[in-house]
Amino acid sequence: MSCIFCRIVAGEIPAEVIASEADGVAFLDVQPLADGHVLVVPRAHVPTIEDLEPAAAVALFQIVRRLAGPVRQALGAAGTTIGINNGEAAGQTIPHLHVHIVPRWPNDGAGSVHTIFPRRTTRTLADVAAAIRKASAA
Ligand SMILES: [Zn+2]
């Protein structure tokens, strides 16, 4: 088992575990973007959100939802950025799905999720919506 998150889930390597539940484990990122940067992972090794069983996705986000408040409170933060780098092209470096919870403060120097995109679009909204509707009906 070479996946570092699987090894943390299995307790084979140490981590600052915040919550260990039937469906997922939350622990501090060892290379935090800010104090209180938490990762929430499913116990199952799946690379992306679409590889996760529907019930496991619900369970994972229940953990995220439950921890968002305590993370904010514990760090005296004003908000949190919650996100998934879903796939290598999105910047995912460890191919075991993980949800980031990063505390945020006014003027902390970080932008919103919108700031990571250069806003290069080429298709109309209607065209894109039709394509996604067609793909999701398949
Ligand atoms: Zn894994």
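Each value in this text was obtained by applying a stated rule to the coordinates, not by laboratory testing. Small disclaimer: the values here were computed from a predicted structure and weren't measured. Virtual Cβ from ideal backbone geometry, glycine too; neighbours counted across all protein chains shown.
Some notes on this structure:
- Each Lys and Arg Cβ is given +1 and each Asp and Glu Cβ -1; about its Cα centre, the range 14-121 then shows a dipole of about 380 debye.
- A simple packing score, the average count of other Cβ atoms within 10 Å per residue, orders the peptides 26-32, 110-116, 132-138 as 26-32, 110-116, 132-138, with the highest score first.
- Segment residue 93-residue 74, length gained on full extension (0.36 nm per residue, minus Cα span): 4.1 nm
- Overall form of the chain per C-alpha gyration tensor (a/c, 1.5; a/b vs b/c): oblate
- Each helix, a run of at least 4 DSSP H residues, gives -39500 (n - 2.57); summed and divided by the residues of the chain, these come to -9500 deg cm²/dmol at 222 nm.
- Label sites at residue 21 and residue 44, each approximated as a point 7 angstrom past Cα along Cα to Cβ, lie 1.6 nm apart.
- Net charge over other residues, Cβ less than 15 angstrom from the Cβ of residue 92 (K, R count +1; D, E count -1): -4
- Contour minus Cα-Cα distance for residue 84 and residue 126 (0.36 nm per residue): 12.5 nm
- Summary value for the range 5-113: 27 percent relative contact order, contacts being C-alpha pairs under 8 angstrom separated by 6+ residues.
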